[in-house]
Amino acid sequence: PFDAIDILVIKEIGKNFSGTGMDTNVVGRLMIPRMAEDHKPDVAVIAVLNISDESHGNAAGIGLGNVTTLRAVNRID
């Protein structure tokens, strides 16, 4: 229900939540080269805090974020 968000903090991403780790329809970000991001909400910064246990180290979608934690990086297999 928001048009713009300054910072979106995602507690946990994972394959058990979405095939891309985080739902692109919810975060409004596709990251397709040479394509405008015209989806809403317009999120300035996405922070990813962790990767779910069910992902077994699969960090698909972490690149949709701008920043992450060392905890999330250490869980990548």
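Consider the range 1-24 and keep the residues that are among the hydrophobic types (A, V, I, L, M, F, W, C) and outside any loop (DSSP other than H, G, I, E, B). The one that is farthest from VAL67 (Cα to Cα) is ALA4. Candidates in the range 25-43 are the residues that are modelled with pLDDT of 80 or more and closer than 12 Å to GLY65 by Cβ; of these, the one that is farthest from the chain's Cα centre (by Cα) is VAL43.
Condition first: surrounded by 12 or more Cβ atoms within 10 Å (Cβ to Cβ), part of a loop (DSSP other than H, G, I, E, B), touching a Gly at 6+ places or on another chain (Cβ under 7 Å) and of a type outside the set (Asp, Glu). Can you find one or more residues in the range 65-74 that meet it?
Here is the first cut: in the range 65-74, the ones surrounded by 12 or more Cβ atoms within 10 Å (Cβ to Cβ) are 65-69, 72-73.
Applying the additional criterion that residues be part of a loop (DSSP other than H, G, I, E, B) yields 65-66, 69.
If we keep only those that are touching a Gly at 6+ places or on another chain (Cβ under 7 Å) too, we end up with none.
No, the conditions are met nowhere in the range 65-74.
Consider the range 47-61 and keep the residues that are crowded, with 20+ Cβ neighbours inside 10 Å and out of contact with any helix residue (DSSP H, G or I) (no Cβ under 6 Å at 6 or more places or on another chain). The one that is nearest to GLY14 (Cα to Cα) is SER55.
In the range 25-52, which residues are in a helix (DSSP H, G or I) and without any contact (Cβ under 8 Å) to a residue 12 or more places away in the chain? So that I can check it myself, show each step before the final result.
Quick first cut of the range 25-52, residues in a helix (DSSP H, G or I) only: 25-27.
Result: VAL26, single match.
For the range 1-24, a residue qualifies if it is farther than 26 Å from HIS56 by Cα, over 13 Å from the mean Cα position of the chain (by Cα) and surrounded by 11 or more Cβ atoms within 10 Å (Cβ to Cβ), and exactly one does: ILE5.
The values are calculated or read from the model by the stated rules, or taken from the named source; none is laboratory data. This structure is a prediction, so every number in the text was calculated from the model and none was measured. Cβ atoms come from the backbone with ideal geometry, glycine included; neighbour counts cover every protein chain shown.
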